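Here's the structure we're looking at; comments come further down.
The values are calculated or read from the model by the stated rules, or taken from the named source; none is laboratory data. Here the structure is a predicted model, which is why all the values come from computation and not from measurement. Note: ideal-geometry Cβ built from the backbone for every residue, glycine included; neighbour counts use all protein chains shown.
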Amino acid sequence: MSNATTCPQPEFFQSRVILAPLNNSVHNLNQKILSLLPGEEHCYHSADTQSFKTSIDDEDAQPVPVELLQAFNASGLPLSQLHHVS
């Protein structure tokens, strides 16, 4: 970018990627970039429910807390929140 106040066209980002050793590094960089983009930020949340079958052998099944589901940040799994600027 030639100027910190201008934002490149969307095509600029289509041929680029962010490489980082940790998902948290990418998440932090994404947040910083989103804060620089013009427009209103929207946050989309994942479905925070679970579905499991109970049977006679499964009497001790406990629901998984939503906070635990939202805390997962493993490779190959999407984050529980998606931020988008429009």
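Figures for the structure shown
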read-out: Members of the range 37-49 that are surrounded by 10 or more Cβ atoms within 10 Å (Cβ to Cβ) and either modelled with pLDDT under 75 or in contact with a Cys (Cβ under 7 Å, 6 or more places away or on another chain) (or both); value: LEU37, ASP48
read-out: Every pair of residues 6+ apart whose Cβ atoms lie under 7 Å, when the first sits in the range 62-86 and is farther than 19 Å from LEU29 by Cβ and basic (Lys, Arg) while the second is modelled with pLDDT of 80 or more and surrounded by 13 or more Cβ atoms within 10 Å (Cβ to Cβ); value: none
read-out: Residue among ASN73, ASN28 that alone is among the polar types (S, T, N, Q) and at pLDDT 75 or above; value: ASN28
